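The values are calculated or read from the model by the stated rules, or taken from the named source; none is laboratory data. Predicted, not measured: the structure shown is a model, and the values here were computed from it. Ideal geometry is used to build each Cβ from the backbone, glycine not excepted, and the neighbour counts take in all protein chains shown.
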Amino acid sequence: MVIVQFSILFRNLLTAGKAHKMFIGTCLLVAVALTPPHAHSAGNTVDLKVPDLELTNQDGESNHLVTDIIGDKIAAITFTYTSCTTICPILDGIFKSVQTRVGDAMGREIFLITISIDPGNDIPPRLKARAEKLGARPGWNFLTGQRESVNRVLKGFEVYTPDIANHPPAVIIVDGRRGIWSRLSGFPSPALIEKALQEHLVARQVSAR
């Protein structure tokens, strides 16, 4: 039932007029908040071929995505753009809640990555402003780059679309040390994302014994 409701809300959001987008977006936020962790799968493991290209964060620092920014970290990754008024604020809000839920692990054991799908407009100062608005703490990177590089990265994550206004919502969970990727489609709850991240932490502890 929950999955059907998300599907209907998301389809209506993409086709609604401006007067209805805010209302539907609010409904989605409420649905996400009320969705218990067990209402979704913990995510499907996927075999992604993400190119290790150079991207730039909100502070103007450039590094290679896979080897440097992800490295051996456990991270949740999503895809938004700053001028979006529909699904992106919802995804940003979800990550903001995840940041709160993980507490002291943020920036030490768990990291968040938001990749702009509109790199032509989302230059580092705009990403910096978005990060500040969301109260992003150290460990939450907002990334942009050359359009060709960003598009190749999005294709590697299998989330690329030529029409950014209708981009599909998704969260990718990665354990860079073990090279494991999983996908949470739609609008996973903050509790579900935290659960997936914590599962990777536990798996690391078990494998280290």
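Go through 177, 183, 152 for me and flag whichever is of a type in the set (Lys, Arg) and in contact with a strand residue (DSSP E or B) (Cβ under 7 Å, 6 or more places away or on another chain). Don't jump to the end; show me each part of the working.
On the way: 177 fails: in contact with a strand residue (DSSP E or B) (Cβ under 7 Å, 6 or more places away or on another chain); 152 fails: in contact with a strand residue (DSSP E or B) (Cβ under 7 Å, 6 or more places away or on another chain).
Exactly one of 177, 183, 152 is of a type in the set (Lys, Arg) and in contact with a strand residue (DSSP E or B) (Cβ under 7 Å, 6 or more places away or on another chain), namely 183.
For residue 52, are the conditions met, namely being farther than 15 Å from residue 175 by Cα, assigned to a loop (DSSP other than H, G, I, E, B) and in contact with a Phe, Trp or Tyr (Cβ under 8 Å, 6 or more places away or on another chain)?
Numbers: farther than 15 Å from residue 175 by Cα: yes; assigned to a loop (DSSP other than H, G, I, E, B): yes; in contact with a Phe, Trp or Tyr (Cβ under 8 Å, 6 or more places away or on another chain): no.
So residue 52 fails the test.
Exactly one of (1) over 17 Å from residue 172 (Cβ atoms); (2) of a type outside the set (D, E, K, R); (3) outside any strand (DSSP E or B) is unmet by residue 94. Its number?
Just one mismatch for residue 94, condition (1).
Within the stretch 112-133, track down each residue that is outside any loop (DSSP other than H, G, I, E, B), free of Cβ contacts under 8 Å to residues at least 40 places away in the same chain and buried (at least 20 other Cβ atoms within 10 Å of the Cβ).
Across the stretch 112-133, the qualifying residues are 112, 114, 116.
What is the number of the single condition among (1) at pLDDT 95 or above; (2) more than 15 Å from the chain's Cα centre (by Cα); (3) aliphatic (A, V, I, L, M) that residue 165 does not meet?
Unmet for residue 165, out of (1) at pLDDT 95 or above; (2) more than 15 Å from the chain's Cα centre (by Cα); (3) aliphatic (A, V, I, L, M): (1).
Modelled with pLDDT of 95 or more, touching a helix residue (DSSP H, G or I) at 6+ places or on another chain (Cβ under 6 Å) and more than 23 Å from residue 201 (Cα to Cα), is that true of residue 134? It would help to see each step written out before you state the result.
Working: modelled with pLDDT of 95 or more: yes; touching a helix residue (DSSP H, G or I) at 6+ places or on another chain (Cβ under 6 Å): yes; more than 23 Å from residue 201 (Cα to Cα): yes.
In short, yes.
Filter the stretch 134-185 for residues that are part of a helix (DSSP H, G or I) and free of Cβ contacts under 8 Å to residues at least 60 places away in the same chain and give the result. Walk me through how you get there before you give the answer.
The first filter runs over the stretch 134-185 and keeps only residues part of a helix (DSSP H, G or I), leaving 134, 147-156, 164-166.
Result: 134, 147, 148, 151, 155.
Among the residues of the stretch 86-111, what is the count of those that are within 18 Å of residue 184 (Cα to Cα), free of Cβ contacts under 8 Å to residues at least 60 places away in the same chain and in contact with a helix residue (DSSP H, G or I) (Cβ under 7 Å, 6 or more places away or on another chain)?
The number of residues fulfilling the criteria is 2.
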